[in-house]
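Please treat every number below as a calculation from the coordinates, not as lab data. Bear in mind the structure is a predicted one, so any value in this text is a computation, not a measurement. Because the Cβ atoms are built from the backbone with ideal geometry, glycine has one as well, and the counts that use them run over all protein chains shown.
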Amino acid sequence: MAMTREDIFTEVQEVLIDALGLDDDEVTSEATLMGDLGAESIDFLDIVFRLEKAFDIKIPREELFPAEALMSNPEYVSNGKLTETGLAELKDKMPHTDLKEFIADPDVNKIADLFTVDSIINFVEIKLNAA
């Protein structure tokens, strides 16, 4: 039986509570992983591992959180902002993320804000529907 978005949220919420040692009321769909939930880049590996286990899906390392690869490519970043090429790559790599606000001001310091609970839910939903 297919999971509803609500089921996916509940499971993602559990993963984040366990991985980051949070209370369930802290994990809302709008919460950003780093800013709101205090995740650090090292936590992303644990989160990916736990998501794979919880949903029985495979998540390649750069697929859910592709920012590191983007940031290290000089073709994608100029003067602290993503270039047009970088934005195109971000859109391609993160179809599960709402990029509207970021595109208006593509400051690399704001990339972390793109990693929200909601973007993880969207990502898992896409993965499950593709399976």
Worksheet item: Spin-label point model (7 Å from Cα, Cβ direction): what's the Glu75 to Thr4 distance in nm?
Response: 4.5 nm
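Under a Cβ-Cβ cut-off of 13 Å, what is the net charge of the residues other than Asp56 that fall near it, where Lys and Arg count +1 and Asp and Glu count -1? Intermediate results must be reported in sequence, preceding the final value.
Working: positive: Arg50, Lys53, Lys58, Lys127; negative: Glu11, Glu52.
After counting each charged neighbour, the total is +2.
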Item to complete: Take a quick pass over the chain and tell me how many lysine pairs come in under 24 angstrom between Cα atoms, counting only ones 8 or more apart or on separate chains.
Response: 16
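Sort 68-79, 38-49 for me by packing, meaning the mean count of neighbouring Cβ atoms within 10 Å per residue, highest on top. Don't skip to the answer; put the middle values down first.
Working: 68-79: 13.2, 38-49: 15.0.
In descending order of packing, they fall as 38-49, 68-79.
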Fill in: Potential lengthening between Glu26 and Thr85 on full extension [0.36 nm per residue; Cα-Cα distance subtracted]
17.7 nm
Practice prompt. Specify which labelled value, from (1) 12, 45, 33, 10, 0; (2) 12, 43, 29, 14, 2; (3) 13, 46, 35, 6, 0, agrees with P(r) over Cα pairs in 10 Å bins from 0, in percent derived from the coordinates of the model shown.
Written response: (1)
Worksheet item: Between the helical axis of 117-130 and the dominant principal axis of the chain, each derived from Cα atoms, what acute angle in degrees is found, rounded to the nearest 10?
Response: 80 degrees
Practice prompt. For segment 60-70, just list the computed ³J(HN,Hα) in residue order, Karplus coefficients 6.51, -1.76 and 1.60, θ = phi - 60°, integers in Hz, with x standing in for Gly and Pro.
Written response: x, 3, 8, 6, 7, 10, x, 4, 4, 5, 5
